[in-house]
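Just so you know, all these numbers are worked out from the coordinates, no wet-lab data involved. Every value quoted in this text rests on a predicted model; they were computed, and no experiment measured them. A quick note on method: Cβ atoms are made from the backbone with ideal geometry, for glycine too, and the neighbour counts reach across all protein chains shown.
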Amino acid sequence: MAMTYSGLYLQTRRTLKEAGSIAADLAARELVCSVSGKNRETLIRDGGLYVPPEIEAQVAALTARHLAGEPVAYIIGEWEFYGLTMYLSPKVLIPRPDTECLVDRAVEYLKTQGPCRVLDLCAGSGCVGIAVASQVPEVKVVLGEISDAALKLCSRNIWTNSFSGRVVPVKADALQEPDPRLGRFQCIVCNPPYIPSGDIPGLDPSVRDYEPHLALDGGPDGLAFYRAIAEKWRGALHSGGRVFFEIGADQVLPVARILRQHGFGEIQHFDDRSGLPRVVTGIRYPDL
Ligand code: GLN
């Protein structure tokens with residue numbers, strides 16, 4: 001029997017809800033929009049139109065993949081972050097709403113700084129650095145990333161969000177000294193891998209089985225990247241420049257300690273929208 005677009009959306013939502021999906025509305029809408037080439041508005045506008053059978057079949061196939069555990073963001077290859085569309089692949093983390101807190105804090109600081117350079121280290125899809133550029137027109141942003149597959153996505157996301165003049169992707173290994181040709185920055189924003197290696201097997205299967213461990217694994221205690229960046233990338237910050245780190249569970253005190261040990265001060269931490277500590281920041285003190 002022929003089905004309309006709103007019928008297809010409702011049926012997909014019901015299937016997902018019955019299988020226990022927590023965000024069935026969002027998932028159903030994203031899957032139907034992606035397969036039919038519609039956006040939220042045109043899906044509503046065309047709700048009464050009949051769906052070609054091949055679209056119905058494709059939505060059913062993608063719904064089955066999601067029910068088997070695959071995140072919708074990887075199935076459709078894009079996700080929204082800070083009001084921007086980011087292209088994704090399983091080579092980068094899916095942008096999380098928690099990470100918008102990192103952007104909020106960096107933006108608040110950068111709005112007081114005038115024209116300056118910002119480094120997004122461990123950039124992944126580039127979502128953090130591109131969101132910062134979207135909010136602060138005076139800044140230029142470098143997206144530093146080690147994975148070639150992620151760097152390709154950074155380029156694509158810079159291009160499709162129209163930031164080619166102000167945001168550039170650069171290959172960089174956060175665990176090693178930076179190439180001096182990168183120059184200095186007023187601000188480093190960084191959502192590094194921070195899950196302790198031993199906790200990875202216990203992560204939710206939708207994360208553990210689908211997201212890249214390269215972007216999750218922060219070494220034996222989860223702190224390897226904070227240590228390397230505070231020590232080796234300190235010189236890439238201007239004296240008085242500020243680093244903003246996203247952190248995981250129970251990492252406020254150890255990350256604050258690492259920053260203090262490496263000549264950072266004015267250390268503060270901030271909660272995300274769920275009330276969990278999510279960002280630690282400090283400034284680079286002048287060398288003694
Ligand atoms: N927030 C992510 C998670 O909990 C981890 C992100 C990271 O390691 N940077 O799965």
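Details
- The chain: angle of helix 5-18 to the longest principal axis, Cα-based, in degrees nearest 10: 70 degrees
- Eligible lysines near LYS38 by straight Cα distance, threshold 27 Å, same-chain separation 8 or greater: LYS17, LYS91, LYS152
- The angle between the Cα long axis of helix 252-261 and the main principal axis of the chain comes to about 30°, on a 0 to 90 degree scale.
- Cross-link partners of LYS140 among lysines (Cα-Cα below 16 Å; sequence separation of 8 or more within a chain): LYS111
- For the stretch 93-133 versus the stretch 209-288, the spacing of their alpha-carbon centroids is 14 Å.
- When the convex hull of its Cα atoms is projected in every direction, mean area for the chain (nm²): 15.9 nm²
- Put simply, the convex hull of the Cα atoms in the stretch 41-182 casts, on average, a shadow of 11.0 nm².
- Taking the Cα atoms of the stretch 111-214, the ratio Rg/Rh between the radius of gyration and the Kirkwood radius comes to 1.01.
- Phi angles of the stretch 278-284 translate, via the Karplus equation with coefficients 6.51, -1.76, 1.60 and θ = phi - 60°, into HN-Hα couplings of 9, 9, 10, 9, x, 9, 7 Hz per residue; Gly and Pro are given as x.
- Evaluated at q = 0.19 Å⁻¹, the base-10 log of the normalised Debye intensity for the stretch 40-85, with identical point scatterers placed on the Cα atoms, takes the values -0.83.
- When each of the peptides 130-136, 80-86 is scored by the mean number of other C-beta atoms lying within 10 Å of its residues, the order from highest to lowest reads 130-136, 80-86.
- The chain - mean residue ellipticity at 222 nm from DSSP helices (-39,500 (n - 2.57) per run, n ≥ 4, rounded to 500): -11000 deg cm²/dmol
- Within the same chain, aspartates and glutamates fewer than 8 places from LYS232 are excluded, and of the rest, those with a Cα less than 13 Å from its Cα are ASP173, GLU177, ASP179.
- FRET efficiency, 1/(1 + (r/R0)^6) with R0 45 Å, evaluated for SER197 and THR42 via beta carbons: 0.50
- A simple packing score, the average count of other Cβ atoms within 10 Å per residue, orders the peptides 179-185, 192-198, 165-171 as 192-198, 165-171, 179-185, with the highest score first.
- Overall shape: oblate for the stretch 1-90, with the ratio a/c of the largest to smallest alpha carbon gyration tensor axis at 1.5 or above and b/c at least equal to a/b.
- With respect to the chain, whose longest principal axis is taken over its alpha-carbon atoms, helix 148-160 is tilted by about 70°.
- Two-decimal Rg/Rh across the stretch 171-269, once Rg and the Kirkwood Rh are taken from alpha-carbon atoms: 0.99
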